[in-house]
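One structure is given below, encoded as structure tokens.
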Amino acid sequence: MTTKILVIDDDPLVRRSFEQFLTDVGYEVALAANGRAGLALFTKLHPDIVVTDIIMPEQEGIETIIQMRKLNPKAKIIAVSGSGRVSNQDFLSIAAKFGAAATLMKPIDQDQLVDAVRKLLDG
Amino acid sequence: MTTASTRRTYSLRLHLVLIAMFCMLPALVISGYLVLRLAERESEHDQEEILLTARTMAAAIDRQIQTQIDVLNALVSAPELRNRDHESFFRHAAEVAKGHDASILLIAPDGTRLFDTGLAYGSPKAQVVNAERVRRVASSMKPETSDVFRVPSGRSLVGVYVPVVLDGKAPFVLGMVRSVTKFSEVFTEVQRSGTWIGTIVDANGVILARNLRAETFVGQPAPDALRSRLTGNREAIFTADTLEGVPTYAASSPSRLSGWLIAVGVPKAEIDQTIFNFLKAILAGMPVAVFLGLLIALVIGNQIRRSLRALAKSTLALGRGQPIEPVRTTIQEIALIANAENVAHDLLQERARERDRAAATSRRMREHLMIAQSVAQTGSIEWDAATDALTWSGETFRILDFDPTGGQPDLETFMRQVDERDRDKAPIPFDLLHRGETPPPVEYRYRTTGGGERIIFREFRLLPKADGTPERAIAILRDITELRHAERKRREAESQLLHAQKLESLGTLAGGIAHDLNNTLVPVIGITKMMRNKFPEASPQREQLDLILEGGERAKELVKQVLAFSRAEPSQKIALDLGAVLRDSLKLLRASLPSTIVLQERIEPVPQISADRAQMHQIILNLATNAAQAIGDHMGTIDVILTKAGSSVRLTVTDTGKGMDDLTLRRIFEPFFTTKDVGEGTGLGLSVVHGIVSDHQGTISVTSEVGAGSRFDIEFPIPEVTMTASRETMS
């Protein structure tokens, strides 16, 4: 059974790049452009891993992480951020507090993302 | 005090005594005159009284004679006589004569005595003594009285003769002869006290009767003074000596029926004595009156003097402003003055109170002004148009740093303290003031004697007279040094705030751009890496993709720096020893710096601060790089110093490079601002430093001089806990 990974990011460049990185190594990838859509897919697909951006329109990442953890406390989530528009806010550390198992700073390459996914799957 | 008159003064008592004397003198003269007049009158009165006595006596004599005449006339009508029965008539007459103690004679007109009741009837006829008179009576048929005559027996007699008229003829004369002593009875009839001399003188000037020593003088000739009165004005007042030789005041009155003269004399001594006594009494009373007058004058004088002394005392008290004692006096005018003084005293008291109040108000206002000037740090100078005199207030002395006890300095002394550059502004423009023009406000720089710099502001307000010409002017003087300093600081702060806001917005902008750039770089770097690995090594495609990757990596680094500036990149602050970080950084730095640049360090032990180690590295690196670039190819020195400054840790980086002008200095913290040639620097170095320092609640300041170098000072606050800890360690 192939591993299912849900990628949530408002930027299609990032979304599609992550899809390339992950499908390249054989993972099944679902994409969502915002937190609400991401949550819908999460309920429907029950992905093994969720990679979510933090700052997004409609529903931002932290809120999404909290919802997902409610639905499935064992959900494995990687938070990604290109740093905020709002200065001096360490969103990634906040995300970690609310249940993100790993955090990554953009820009990230295939190696970094795949490493993080594998570590989670192994763990 | 008025100077006392140098004229001699005399006491009020003396004045009053003199008044009394001068008032009494005419009174004395007049009363003396009156007394004399009175004495004279008294004397006249006495003399008239004497005359009255004489008259009364004359009347009494006449009455006696008339009685005799009446008695004789009654006998004349006796029938015996008509019947010529002389013997019967003799008896009748003898009886009548006996009752009158006289002798009655019937006498023939030729003077022959027909009978005499004093003799026996039928005695020889003889001529009577007064035969001549009898014949005159018989012919005139009018009764007559004789003078004194002496009969052989020695008696002095007086006879009264009346005609016996029968058928229009006088065949007989009836006479009554009596002793003169009978007439002396009149003296007893006169009620007169004291010594007096009554004398009855017959027509011959012989004394007929006298009240004193009659036995001696009756029958004697009267004194000449009396005899001379027998003719002419027989009723008179005169002076005469008595036969005894006593001078008298005398008066004479004639007897109508006899031609006698009755004289009354009172010794002059008697009357004069009376008058003298009277005068004596009056004259004796005068000194008493004078004495009493003077005594009263003295008493009144004393009373007035007492009142005046009390008045003088109260006047002095009035002058001294002491309470005045009431003046007890019975003198209306003095009471009036005393009352006026009381009123004056009240008025003066009231005025004194008003003066005190005014003085207190004035004192309070002066204090008020002084304190107000002191608090407002505003002095004043008053200019007087008439004299050009200037009066400084206490605060003016303080502001211009002169000792008030030394007085106002002259213009030259004052001008020495004024800054050379402002010496044209500082003097007071008297010409303008005199023209009535308000001088424009001035500011001048001023050196206090202690060497301090002050900025003095001066502004005039003219106070013109009613006609518009200037009378006075008040200049206010203010030490505006602090104000000007504060203004400069405020301007600086404003400009700094503006600058900070500008950097802030730039940071926000940069952060936003960085976020999107990071997203953009995800496929650029990520996909390129993916693809690159799919091509064999040394293949042209792999080489081309590496170029894209290199570009992507540089872009990633740029974004990282921008984020650092915008503080968007999370920092991890820990308790950090900046000295240790500094040493590590400088080790790396030394290796990279050219040998033309000397790097000097002075790292003092400092308390730990809360900081991100990597960011601290970056600050040091950026500043050192900046310094090295400022020095360029020239020889130069970079000094790095770490010290504790108050509650901060200070990092100072100084270079001897080319320095910066003001324009550059103002913009050095702006991102992408660079003075370096394109490709030499990103222009982000100092803005990143600024971002990091701000993120650490630190401050950064820079001073620079073109051609001499620049100096950056960064201060990080020492956390409270560290401060306490370090203090404990130190102790």
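The values are calculated or read from the model by the stated rules, or taken from the named source; none is laboratory data. Owing to the predicted nature of the structure, the values given are computational and were not obtained by experimental measurement. Note: ideal-geometry Cβ built from the backbone for every residue, glycine included; neighbour counts use all protein chains shown.
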Hey, can you tell me all the residues within segment B:600-635 that are in contact (Cβ under 8 Å) with a residue 60 or more places away in the chain, in a loop (DSSP other than H, G, I, E, B) and surrounded by fewer than 22 Cβ atoms within 10 Å (Cβ to Cβ)?
-> B:608, B:612
Only helices (runs of 4 or more DSSP H) wholly contained in segment B:29-148 count here; list those with 2 or more residues that are crowded, with 17+ Cβ neighbours inside 10 Å.
-> B:86-99, B:131-140
Take the residues of segment B:350-390 that are of a type in the set (D, E, K, R) and closer than 29 Å to residue B:427 by Cα: which is surrounded by the most Cβ atoms within 10 Å (Cβ to Cβ)?
-> B:382
Yes/no for residue A:58 being in contact (Cβ under 8 Å) with a residue 12 or more places away in the chain, more than 14 Å from chain B (Cβ to nearest Cβ) and under 30 Å from residue B:506 (Cβ atoms) | yes
Index of the failed condition, residue B:314 passing every other in (1) within 26 Å of the chain's Cα centre (by Cα); (2) surrounded by fewer than 16 Cβ atoms within 10 Å (Cβ to Cβ) | (2)
Could you count how many residues in segment A:26-70 are under 22 Å from residue A:1 (Cα atoms) and of a type in the set (Asp, Glu)?
-> 2
Is segment B:445-458 home to any residue that is part of a helix (DSSP H, G or I) and over 19 Å from residue B:482 (Cβ atoms)?
-> no
Meets criteria (within 20 Å of residue B:395 (Cβ to Cβ), buried (at least 18 other Cβ atoms within 10 Å of the Cβ), at pLDDT 90 or above and over 50 Å from the mean Cα position of the chain (by Cα)) for residue B:455 = yes
Residue pairs qualifying under the 7 Å Cβ cut-off, at least six apart or on distinct chains, with the first in segment B:420-437 being without any contact (Cβ under 8 Å) to a residue 40 or more places away in the chain and the second being in a loop (DSSP other than H, G, I, E, B) and surrounded by 15 or more Cβ atoms within 10 Å (Cβ to Cβ), are B:429/B:439; B:432/B:439
Which one of the conditions (1) closer than 24 Å to residue B:629 by Cα; (2) within 14 Å of another protein chain (Cβ to nearest Cβ); (3) of a type outside the set (Lys, Arg) does residue B:589 fail to meet, given that it meets all the rest?
-> (2)
Only listed residue being more than 20 Å from residue B:56 (Cα to Cα) and touching a residue at least 40 places away in the same chain (Cβ under 8 Å), chosen from B:201, B:246, B:186 = B:246
Being surrounded by 17 or more Cβ atoms within 10 Å (Cβ to Cβ), of a type in the set (Ser, Thr, Tyr) and either in contact (Cβ under 8 Å) with a residue 60 or more places away in the chain or away from chain B (no Cβ under 14 Å) (or both) is the filter here, so list the residues in segment A:15-51 that pass it.
-> A:27
The correct count of residues that are more than 18 Å from residue A:15 (Cβ to Cβ) and more than 8 Å from chain B (Cβ to nearest Cβ) in segment A:104-119 is 3
Does residue B:512 meet the test of being out of contact with any helix residue (DSSP H, G or I) (no Cβ under 8 Å at 6 or more places or on another chain), within 14 Å of another protein chain (Cβ to nearest Cβ) and at pLDDT below 75?
-> yes
Apart from one, (1) touching a residue at least 40 places away in the same chain (Cβ under 8 Å); (2) under 17 Å from residue B:452 (Cα atoms); (3) in contact with a helix residue (DSSP H, G or I) (Cβ under 6 Å, 6 or more places away or on another chain) all hold for residue B:379; the odd one out is (2)
Across segment B:398-426, what is the total count of residues that are closer than 13 Å to residue B:446 by Cβ and touching a helix residue (DSSP H, G or I) at 6+ places or on another chain (Cβ under 9 Å)?
-> 7
Hits in segment B:458-492 - residues which are loosely packed, with under 11 Cβ neighbours inside 10 Å and of a type in the set (A, V, I, L, M) = B:466
Of the residues B:564, B:538, which single one is modelled with pLDDT of 75 or more and either over 16 Å from residue A:81 (Cβ atoms) or buried (at least 20 other Cβ atoms within 10 Å of the Cβ) (or both)?
-> B:538
Return yes or no: is residue B:521 in a helix (DSSP H, G or I), crowded, with 21+ Cβ neighbours inside 10 Å, within 14 Å of chain A (Cβ to nearest Cβ) and at pLDDT 85 or above?
-> yes
Give segment A:1-47 a look and list any residue that's in contact with a Lys or Arg (Cβ under 9 Å, 6 or more places away or on another chain), within 19 Å of residue A:107 (Cβ to Cβ) and of a type in the set (Asp, Glu), or say none.
-> A:9
Over segment B:185-219, the set of residues assigned to a loop (DSSP other than H, G, I, E, B), under 22 Å from residue B:144 (Cα atoms) and either at pLDDT 85 or above or among the charged types (D, E, K, R) (or both) is B:202, B:203, B:204, B:205
Scanning segment B:532-560 residue by residue, the ones that are within 13 Å of another protein chain (Cβ to nearest Cβ) and either outside any helix (DSSP H, G or I) or touching a residue at least 60 places away in the same chain (Cβ under 8 Å) (or both) total 3
Taking first residues from segment B:471-485 that are in the same structural domain as residue B:385 (by TED's automatic domain parsing) and part of a strand (DSSP E or B) and second residues anywhere that are surrounded by fewer than 16 Cβ atoms within 10 Å (Cβ to Cβ) and polar (S, T, N, Q), the pairs with Cβ under 7 Å that are 6 or more apart or on different chains are none
Condition test on residue A:12, is it touching a residue at least 24 places away in the same chain (Cβ under 8 Å), surrounded by fewer than 17 Cβ atoms within 10 Å (Cβ to Cβ) and within 14 Å of chain B (Cβ to nearest Cβ)?
-> no
Going by the conditions given, is residue B:653 at pLDDT 80 or above, in the same structural domain as residue B:597 (by TED's automatic domain parsing), touching a Phe, Trp or Tyr at 6+ places or on another chain (Cβ under 7 Å) and of a type in the set (A, V, I, L, M)?
-> yes
